[in-house]
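The values are calculated or read from the model by the stated rules, or taken from the named source; none is laboratory data. Quick caveat: nothing in here was measured; it's all calculated off a predicted structure. Here Cβ is always computed from backbone atoms with ideal geometry, including for glycine, and neighbour counts include all displayed protein chains. With ligands, DNA and RNA removed, areas are computed over all heavy atoms of the protein, side chains included. Shrake-Rupley method; radii C 1.70, N 1.55, O 1.52, S 1.80 Å.
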Amino acid sequence: MPENDNFFSIPKAAEYCSISRVTLWRWVRSGKLKAFLTPGGQYRIRKEDLELFISGKMGHLPQAEFLKEKKILIVDDDSGVQRLLVRMLSTNGFRTEVASDGFEAGVKTVQFKPDLMVLDLYMPGMDGFEVCKQIKENSNTSHIKILALTGYDTKENKDRILEAGADGYLLKPVERKTLLQNIDDLLKGEV
């Protein structure tokens, strides 16, 4: 049986829940998590069963991260920052894409349809201020949350990006916990 959006293998279900394969395997073997065997002898878990298990047995965890994979577009011209943010976000259940400049950000916004954009202010070509303004002025993309992330903290930069429509503003380097909390608040509409 090929994998699709409605069925998960043990490794895919573990990745979906951001837990180890061993832990998920134990839940299946103990009968806590419903699974079935394919004719080829592989375990598969129905998406509905996994989500029911998450909301019941794993209710203490933030369910929103598990039940709907949020998409984040990282827009930064520094490949080191891109890699760090991809690692931070993907290990916390987010699907990520990267863009190195404002023009690529525009293309990826249309193709990837992110829920949130982490946006650097100063990049070659189109800067973050212009990207933010264009995203927020377009009725097809204005719903996308924008979190500005910059190493150039000035009152002028902060005021300018917030005026352009950014939903949040953080300084580089940012601590993982601070970044994730800000993203969570923005996606829940608490900011």
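Remarks
- Tally of residues being farther than 14 Å from I183 by Cα and within 14 Å of the chain's Cα centre (by Cα) across region 92-108: 2
- Scanning region 82-132 for residues that are within 25 Å of K155 (Cβ to Cβ) and among the β-branched types (V, I, T) gives V118, V131.
- Filtering G125, G106, G165 for residues that are of a type outside the set (D, E, K, R) and in a helix (DSSP H, G or I) leaves a single hit, G106.
- When region 143-159 is filtered for residues that are farther than 19 Å from D77 by Cα and open to solvent by less than 50 Å² (accessible area, probe 1.4 Å), only I144 remains.
- For region 1-44, the set of residues classified as open to solvent by less than 50 Å² (accessible area, probe 1.4 Å) and either in contact with a Ser or Thr (Cβ under 8 Å, 6 or more places away or on another chain) or among the polar types (S, T, N, Q) (or both) consists of S9, A14, T23, T38, R44, listed by residue number.
- Of all residues in region 160-185 being out of contact with any Gly (no Cβ under 6 Å at 6 or more places or on another chain) and of a type in the set (S, T, N, Q), the one that is most open to solvent (accessible area, probe 1.4 Å): Q181
- Candidate set: region 84-103, residues that are in a loop (DSSP other than H, G, I, E, B) and surrounded by 14 or more Cβ atoms within 10 Å (Cβ to Cβ); chosen: the one modelled with the lowest pLDDT: G93
- Within region 142-168, tally of residues that are of a type in the set (S, T, N, Q) and in contact with a strand residue (DSSP E or B) (Cβ under 9 Å, 6 or more places away or on another chain): 2
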